[in-house]
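This report concerns only the one structure given below.
The values are calculated or read from the model by the stated rules, or taken from the named source; none is laboratory data. The structure displayed is predicted, hence computed values, not measured ones. All Cβ positions, glycine included, derive from the backbone under ideal geometry; neighbour counts span all protein chains shown. Ligands, DNA and RNA are stripped out before the accessible areas are found, and what is left, the full protein with its side chains, is counted by its heavy atoms. Shrake-Rupley method; radii C 1.70, N 1.55, O 1.52, S 1.80 Å.
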Amino acid sequence: MQIVSAPFDHPDALKLNDLVLQEYAQRYGDPEGDATVLDPSMFQPPRGLYLLAYDEAQRPVATGGWRSMDAARGADEEDENYADGDAELKRMFVVPQARGQGLARRILALLEQDAREAGRTRMVLETGTKQPEAIALYTSAGYEPAVEKFGFYRFHEDSRCFTKPLR
């Protein structure tokens, strides 16, 4: 497996993003999959990073990224309960045929390392109750349930938020 940095709007990233949105739609019964607004610029270093993993045949099989998030500043910004120094994990996904090989764990470690080197102090993520394998990965990697939920889905019953200090 080869893991490389890529733009969020790279054709292979778009392909896998479509697959993850389809999986979210199936699991949660929401045709949109995930309504979180994401822009490719959010994943550009040093304020973020997006990774693509390829198998031996050079097929894209996994993705993951982080983006900088900070506390809201002023009345014109919606307060989604982020704190200064947060790095938010987004679009962690492994295609079904590549699961069970530790690929998500490798991507997660690389993202944590990069966010730490970029000066971020806490990694945060939001997942859902219908993704038990994601929850198992994150808790086994040292993530703990957030004291207060954050992000776009913070008011949704199925939403689960986790944090991990990077320092």
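Using a 1.4 angstrom probe, figure out how much accessible area the range 44-144 has per residue, in square angstrom, rounded to the nearest whole.
The answer is 47 Å² per residue.
Restricting to bridges with both residues inside the chain, how much of the DSSP beta-bridge set is antiparallel, in percent to the nearest 5?
If we restrict to bridges inside the chain, about 90 percent are antiparallel.
Quick check on the chain: helices-only [θ] at 222 nm, where DSSP H runs of length 4 and up contribute -39,500 (n - 2.57) each and the sum goes over total residues. Nearest 500, please.
-8000 deg cm²/dmol
For the range 1-120, what is the relative contact order in percent, using Cα pairs closer than 8 Å and at least 6 residues apart in sequence?
Relative contact order of the range 1-120: 24 percent.
I'm spelling it out carefully: the read-out is volume of the Cα convex hull per residue in Å³, the candidates are [x] 114; [y] 224; [z] 171, and one was derived from this structure. Which label?
[x]
Quantify, in whole percent, the carbon and sulfur part of the accessible surface of the chain (1.4 Å probe; protein heavy atoms only).
51 percent
Could you tell me the relative contact order of the range 53-110? Use alpha-carbon pairs under 8 Å, at least six residues apart, and round to a whole percent.
Relative contact order of the range 53-110: 34 percent.
Give me a comma-separated list of calculated 3J(HN,Hα) values for the range 110-122, in order, Karplus coefficients 6.51, -1.76, 1.60 applied at θ = phi - 60°, integers in Hz, x for any Gly or Pro.
The phi angles translate into 5, 5, 4, 4, 5, 5, 4, 5, 7, x, 6, 10, 8 Hz.
Hey, what did the range 60-162 get for relative contact order, percent, Cα under 8 Å, at least 6 apart?
Averaging sequence separation for qualifying contacts and normalising by length gives 27 percent for the range 60-162.
In debye, nearest 20: dipole of the chain around its Cα centre with unit charges on the Cβ of K, R (+) and D, E (-)?
Dipole of the chain, to the nearest 20 debye: 660 debye.
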